[in-house]
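The values are calculated or read from the model by the stated rules, or taken from the named source; none is laboratory data. On a predicted model such as this, the values are computed, not experimentally measured, just so you know. Cβ sites come from the backbone with ideal geometry, for glycine too, and all protein chains shown count toward neighbours.
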């Protein structure tokens, strides 16, 4: 018996030693497999590759937890072509900025682990359905992922959710003392705050409030005290009684999806000199931008603040215009009105349809704003040069610019990148009037006129941008809108002309 026990003990010891050796060999294999990555990307403690290898997505740490991990290869693939020619070929799976896979492809490595827990409802999440990906909010190439740090999470969320910068009960100036957003909201699901808070017993509220003390406050009426005692028993939640008091009301934040109207005010702002490199790498919204989101997703309702931050030396960094659409028989009428002096020089509209993805996402920025101080006007109105290098990718010839002189009323048209001189557009006329301090411009468009490339069709969705030019704005000398959308019928655009 003793001999049998001894042999059993020896076998167990050998098995344990074998597992340790296998794990060590696995770790060595992983280290060897990613050495080609580290040869270029690990240049010291400040390198993203250095930081990621120290965390749960690297290969250092507990051998049991790290078993089977391959470090960089788990997310980026083996990437042989990139290793052999890193200047010309991207990794098998890239998260940008130079190369960027689709959003679903980027999410796949994350979901292979996290779909069983935090991201089990990601396919139904509002964030996913609005072209955001896991890495839009999460950064695993840092020592601490800010969105997982209680005191810093809200800074990540309010990059887009700007109305919530006021904080809980308008106490945003207290910063880290505010509860993190995820105590009330589940960013990986479509749910509103109510079911999430019901599941965690209103953790966002109890971050600050002591319900046991509240149940015994003498100032409360007996009914409220009973509710608070029921809360402690898990039978009630804060939102059963308290609605809309946590932070900014719903109607103070711009809608993710526009509600189509025939006319409304549009804010134009000084656009600055953003380059493609900055927009697709350093800009906080670069990741969703590369994956199909448009500028308006985060900046809708924020135009005046953008103008003020970009045009700090301007007396008017933003301008308000009224934009309205209507139909008369086979004509589309576009009326634009604003308050301004005779120093305003030109009003311009730029158009593209859904076949031009880059213009749909970036509007005027995709057409002009990576071409240097004067390149945009040269390409658009003087015919020379090649198709511009665009902000978010190759802008196909097709975005169309209409520019009307406010002094002469002359309307010119140019096709972006087409290399042609300005010309009249068949079926489009414009009139401009200035009375006192008020400007009004009307475009009249024959909706049935022109070839398939130019005519407006009822079944098409159009993206457009508005620009106002005037010498009161130095530098670029104009103010621009975010991308706006129009349909002649439908319910998924900013404007409709039924």
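Structure summary
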| quantity | calculated |
| --- | --- |
| Scope the stretch 445-459; condition modelled with pLDDT of 55 or more and either in contact with a helix residue (DSSP H, G or I) (Cβ under 8 Å, 6 or more places away or on another chain) or surrounded by fewer than 15 Cβ atoms within 10 Å (Cβ to Cβ) (or both); matching residues | 448, 457, 458, 459 |
| Selection from the stretch 201-217 of residues that are surrounded by fewer than 15 Cβ atoms within 10 Å (Cβ to Cβ) and closer than 13 Å to residue 181 by Cα | none |
| Single match in 199, 203 (criterion: more than 30 Å from residue 324 (Cβ to Cβ), touching a helix residue (DSSP H, G or I) at 6+ places or on another chain (Cβ under 7 Å), at pLDDT 75 or above and assigned by TED's automatic domain parsing to the domain that holds residue 180) | 203 |
| Helices (runs of 4 or more DSSP H) (entirely within the stretch 55-170) containing at least 1 residues that are modelled with pLDDT under 85 and in the same structural domain as residue 44 (by TED's automatic domain parsing) | 63-66 |
| Complete set of residues in the stretch 171-192 that are in a helix (DSSP H, G or I), modelled with pLDDT under 80 and either surrounded by 14 or more Cβ atoms within 10 Å (Cβ to Cβ) or not assigned by TED's automatic domain parsing to the domain that holds residue 241 (or both) | 172 |
| Of residues in the stretch 296-328 being in contact with a helix residue (DSSP H, G or I) (Cβ under 7 Å, 6 or more places away or on another chain) and either without any contact (Cβ under 8 Å) to a residue 24 or more places away in the chain or assigned to a helix (DSSP H, G or I) (or both), the one nearest to residue 347 (Cα to Cα) | 306 |
| Qualifying residue in the stretch 12-35 (condition: more than 26 Å from residue 123 (Cβ to Cβ), at pLDDT 70 or above and buried (at least 16 other Cβ atoms within 10 Å of the Cβ)) | yes |
